[in-house]
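What follows is one structure encoded as structure tokens, with my remarks underneath.
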Amino acid sequence: MSERTQVAIVGAGPAGLLLGALLHRHGLESVILEARSREYIEARIRAGVLEQGTVDVLREVGVGERMDREGLVHSGIYLRFDGSSHHIPMSELTGGRSVMIYGQTEIVKDLVAHRLQTGMPLRFECHAVTVDRLSSDQPVVRYSQGGTDHELECNIIAGCDGFHGVCRGAIPADVLHVWEREYPFAWLGILADVGPSTDELIYAQHEQGFALHSMRSLKVSRLYIQVEPDDDIANWSDQRVWDQLHARLASEGWELNEGPVLEKSITPMRSFVAEPMRYGSLFLAGDAAHIVPPTGAKGLNLAVADVTMLGEGLVEYFGSGSDAGLQEYSDRCLRRVWRAQHFSWFMTTMLHTNPRDDDYGRRLQRSQLDYVCSSQAAAASLAENYVGLPLTRASATALGNG
Ligand SMILES: Cc1cc2nc3c(=O)[nH]c(=O)nc-3n(C[C@H](O)[C@H](O)[C@H](O)COP(=O)(O)OP(=O)(O)OC[C@H]3O[C@@H](n4cnc5c(N)ncnc54)[C@H](O)[C@@H]3O)c2cc1C
């Protein structure tokens, strides 16, 4: 079976689905191919903190309505250590910018519904996906679905197939450069059927390990604790997780509400960047090109930033024939990616208990925490990175980040 489109999008995570919506908004054709089922991708529990720029893009493509109704706008975070809480007033420090708490799962549901409503192709359970003829302007994606082999010809392939996808591997090894760092810890996360015990997220540094009190709505809490990288989820009964959360988040006069655990999993922590993000007619976006440890809440937001820039370049290319936006795509994304890499590493090292650290390292960590909680300049830098640097070409350039 053979077919043709302008942009073949591999992967229906937030990056692929949003790119499809951005292209459709400008009258461009795309076909999205996803390895998993609709039920699977709509149930995957992942990120939940949206930068202002991410919120703006979701509204712009017409999928912001439920987010605006159900999402929670947060204007600050708490850093907690030695049993004391310190508020970082992000909006005050960034000229009014804020973040939105709204689950990635909900964004995926909204984007899938929007795609199906537009009638544009979104194919689930596509197997044996390969990308070919990348050095030409007639690349092809081959895949099999329901026992039939398919060939999708296109002008551009968007590799939005996540860290374990096939697109990055199609770039020749002598072209692709990879930077990677593994951390000596992982996050155990639970989704709990109980209202949050806090109005804004609490990031806690504790000698037994990091803990985070996040949330997904006014009725559902998301909580994390630092565990060993090779720990087994079977070692962690719900009660053991709650006991650790009580210990690490403890603060005088503050209570943590417990509730039934709806989901429990362990995520390894890794930093990873692949360069360049473009090879011929293949463009990588999102986790296919980079991974950050989740402490800075940047993974999903970077994926959105990538496809926003790719969407701009493609609209220009198919509209006026200019490939200027596509030419600068990789460099422009990577400047933002490396900023987010640094911020995620900074938050991770400031807040986790590193078993390899010596006393000197622990004193440096404490000094950094004291500094961001006592200096307006240090807090403003954290806040500016947390709410996210602007996405647009003009304002990003003004910040030296575009
Ligand atoms: C368990 C977990 C927890 C996370 N928690 C956080 C968090 O708290 N905060 C945060 O900011 N970030 C978090 N992240 C990161 C964030 O979720 C990702 O950065 C985000 O999902 C990136 O979106 P994406 O579309 O690039 O990739 P993905 O969401 O991974 O989507 C890629 C899609 O491609 C599909 N695919 C893969 N291979 C193929 C193929 N060969 N053919 C077709 N389709 C394919 C996959 O099934 C998937 O649907 C978490 C990630 C994980 C794994």
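Does the stretch 37-54 hold any residues that are part of a loop (DSSP other than H, G, I, E, B) and at pLDDT 95 or above, and which are they? Answer for the stretch 37-54, where residues must be part of a loop (DSSP other than H, G, I, E, B) and at pLDDT 95 or above: S37, E51. Counting only strands (runs of 3 or more DSSP E) that sit wholly inside the stretch 207-300, those with at least 2 residues that are within 15 Å of the ligand (Cβ to nearest atom) and at pLDDT below 95 are 261-275.
Close Cβ contacts (under 9 Å, 6 or more residues apart or on different chains) running from residues in the stretch 151-173 that are free of Cβ contacts under 8 Å to residues at least 60 places away in the same chain to residues that are open to solvent by 10 Å² or more (accessible area, probe 1.4 Å) and not charged (D, E, K, R) comprise G169/L176.
Selection of the stretch 1-54 for residues being among the charged types (D, E, K, R) and touching a residue at least 40 places away in the same chain (Cβ under 8 Å) yields E3, R4, E29, E34, R36, R38, E42, R44, R46, E51.
Listed here are the residues, each with its yes/no results for (1) in contact with a Ser or Thr (Cβ under 9 Å, 6 or more places away or on another chain); (2) within 22 Å of V372 (Cα to Cα); (3) surrounded by 14 or more Cβ atoms within 10 Å (Cβ to Cβ); (4) among the aliphatic types (A, V, I, L, M).
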site: D193; (1), (2), (3), (4): yes, no, no, no
site: L201; (1), (2), (3), (4): yes, yes, yes, yes
site: L223; (1), (2), (3), (4): yes, no, yes, yes
site: Q239; (1), (2), (3), (4): no, no, no, no
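Is the stretch 55-76 home to any residue that is assigned to a loop (DSSP other than H, G, I, E, B), open to solvent by 40 Å² or more (accessible area, probe 1.4 Å), in contact with a Cys (Cβ under 8 Å, 6 or more places away or on another chain) and in contact (Cβ under 8 Å) with a residue 60 or more places away in the chain? No, because not a single residue in the stretch 55-76 is assigned to a loop (DSSP other than H, G, I, E, B), open to solvent by 40 Å² or more (accessible area, probe 1.4 Å), in contact with a Cys (Cβ under 8 Å, 6 or more places away or on another chain) and in contact (Cβ under 8 Å) with a residue 60 or more places away in the chain. If only residues of the stretch 19-36 that are near the ligand (Cβ under 8 Å from one of its atoms) and in a loop (DSSP other than H, G, I, E, B) are counted, the one that is least open to solvent (accessible area, probe 1.4 Å) is E34.
When the test is whether a residue is in contact with a helix residue (DSSP H, G or I) (Cβ under 6 Å, 6 or more places away or on another chain) and surrounded by 15 or more Cβ atoms within 10 Å (Cβ to Cβ), P294 does not pass it. Within the stretch 269-279, does at least one residue satisfy the condition of being touching a Leu at 6+ places or on another chain (Cβ under 8 Å) and of a type in the set (G, A, S)? The answer is yes; a qualifying residue exists.
Here is a yes/no grid of residues against (1) outside any helix (DSSP H, G or I); (2) buried (at least 18 other Cβ atoms within 10 Å of the Cβ); (3) modelled with pLDDT of 95 or more:
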{"position": "Y78", "(1), (2), (3)": "yes, yes, yes"}
{"position": "S91", "(1), (2), (3)": "no, no, yes"}
{"position": "M100", "(1), (2), (3)": "yes, yes, yes"}
{"position": "V108", "(1), (2), (3)": "no, yes, yes"}
{"position": "L116", "(1), (2), (3)": "no, no, yes"}
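The values are calculated or read from the model by the stated rules, or taken from the named source; none is laboratory data. Quantities reported herein were computed from a predicted structural model and do not represent experimental measurements. No Cβ is skipped: glycine too gets one built from the backbone with ideal geometry, and neighbour counts run over all protein chains shown. The protein model used for the area step is the full one, side chains on, heavy atoms only, and it has no ligands, DNA or RNA in it. Shrake-Rupley method; radii C 1.70, N 1.55, O 1.52, S 1.80 Å.
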